[in-house]
Amino acid sequence: MADLPSLWTHEPHHILTFRPGDKVADIDAGATPGFDGSKSDAPELQAERNERFAELQEMLYANGRAGDSRSVLLVLQGMDTAGKGGIVKHVVGAGNPQGIDYTSFGVPTAEEKAHGYLWRIRNALPAAGQVGVFDRSHYEDVLVVRVHNLVPPEVWAARYDEINAFEKELVDSGTTLVKVAMFVSLDEQKRRLAERLERPDKYWKYNPGDLDERKLWPAYQEAYQAVLDKTSTGYAPWHVVPCDRKWYSRLAITELLIEALKSLGMSWPPADFDVDAEKKRLTQA
C-alpha cells in the first residue's frame, strides 16, 4: 500500500472490485468502502492525489511521444446524476489536456446506427500515451438497449461475449481498462434532480426523460447485475463505486486511475539527444 494515503484502509482496486455473488440490490450508495476519513478530509486529499495522477498521466503521455504504445481507458457507466461529469471535471481534469481523450456517448447518430454497435467505440479509443475517458460506453448496448427492448433479446444477449472479446483485444494491444460502475440511490438522485430545477445554471443538465428512467430502476438493476456478472473479467474487472457522496466517489476513482498508471511501471523517457552538449550550446546561445 505504498503511495496510498493512510486514510485508506484498503487499496480501492481491491475493495471495490466486483466479485461473483455480489448483488446490485445490496449496494449501499452512501457507503465509503475502504476509506477511514470524512468529507472534511476530502478537499486537501483530492488536491494532493490529483497532483499524483497528473504526474503519472503526463509520464504516460511523454512515453507515448517516445514510442510507448500503451494507453489507459476509464469507462464510466452509471445512471443519470451518478456524477460522471464531476469525475471528468474534478478528477480527469487535473491532468495534462494534451494526454486526455474524452468521449461522451449519447443516442447513436444515423451514421453510427448504420454500423455495428462497437464501431463508434473503436473510433473513440485512446491513442498511445493517452488516458481515454468514456462517459457512458459500449455497455449502453446491454443496458439501455435491453431495458427499452430496442433489439430482440437474442441480439443483446450475444453482446456480453462480444464485449468480453473486444476488451480482451484492447488489453492485449496495450490498453489498461479501468471500468467503473457508479451507483447513486434513488433518494439522492431525486435530490440532485430537484437541485437542477432550482438552479438556472443547472437547467441545461436537466432532462425530463430522467424521471421516466427512474421508474425503470428495477429493470436497470437487473440489467446492471447481468453486466457485472457477465463482463467482469480478470483482464478487465468492474469496480463498483457508491456515489451518494461525491467527495468519496471522486477520491476512489482518482485512486483507481493512479493504481492503473502505477501498474505500467513507467519512468520518464530518457533524452534522445546529448544533454551535456545541449547545455553547452545553450550557454553560447
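The values are calculated or read from the model by the stated rules, or taken from the named source; none is laboratory data. This one's a predicted model, so the numbers in the text were calculated from it and none came from an experiment. Ideal geometry is used to build each Cβ from the backbone, glycine not excepted, and the neighbour counts take in all protein chains shown. When the accessible area is computed, the model is the full protein with side chains, heavy atoms only, and any ligands, DNA or RNA have been set aside. Shrake-Rupley method; radii C 1.70, N 1.55, O 1.52, S 1.80 Å.
A few remarks follow.
- Top-ranked residue in the range 130-155 [being assigned to a loop (DSSP other than H, G, I, E, B) and under 16 Å from VAL178 (Cβ atoms); ranked as least open to solvent (accessible area, probe 1.4 Å)]: SER137
- Residues that are more than 12 Å from TRP238 (Cα to Cα) and open to solvent by 30 Å² or more (accessible area, probe 1.4 Å), drawn from the range 5-16: SER6, LEU7, THR9, HIS10, GLU11
- Residue in the range 257-265 that is among the hydrophobic types (A, V, I, L, M, F, W, C), open to solvent by 60 Å² or more (accessible area, probe 1.4 Å) and out of contact with any strand residue (DSSP E or B) (no Cβ under 7 Å at 6 or more places or on another chain) present: no
- Residue match in the range 169-177 (condition: part of a strand (DSSP E or B), within 17 Å of SER137 (Cα to Cα), modelled with pLDDT of 95 or more and open to solvent by less than 30 Å² (accessible area, probe 1.4 Å)): yes
- Listed by first and then second residue, the pairs linking a residue in the range 269-285 that is closer than 30 Å to SER69 by Cβ to a residue that is part of a helix (DSSP H, G or I), with Cβ atoms under 7 Å apart and 6 or more places separating them unless they lie on different chains, are PRO269/ALA62; PRO269/ASN63.
- Scanning the range 235-285 for residues that are in a helix (DSSP H, G or I) and of a type in the set (Val, Ile, Thr) turns up ILE253, THR254, ILE258, VAL275, THR283.
- Residue that is touching a Ser or Thr at 6+ places or on another chain (Cβ under 9 Å), buried (at least 18 other Cβ atoms within 10 Å of the Cβ) and not acidic (Asp, Glu), where the choices are ARG19, ARG49: ARG49
- When residues in the range 62-77 are screened for being surrounded by 19 or more Cβ atoms within 10 Å (Cβ to Cβ) and either within 18 Å of PHE134 (Cα to Cα) or touching an Asp or Glu at 6+ places or on another chain (Cβ under 9 Å) (or both), 7 of them pass.
- Against the test of being surrounded by 13 or more Cβ atoms within 10 Å (Cβ to Cβ) and farther than 25 Å from TRP156 by Cβ, the options TYR224, TYR206 yield a single qualifying residue, TYR206.
- Candidates GLY106, GLY129, GLY116, GLY95: the one that is out of contact with any Leu (no Cβ under 6 Å at 6 or more places or on another chain) and farther than 25 Å from TYR224 by Cα is GLY95.
- Failed criterion for GLU112 (all others in (1) in contact (Cβ under 8 Å) with a residue 12 or more places away in the chain; (2) in contact with a Lys or Arg (Cβ under 7 Å, 6 or more places away or on another chain) hold): (1)
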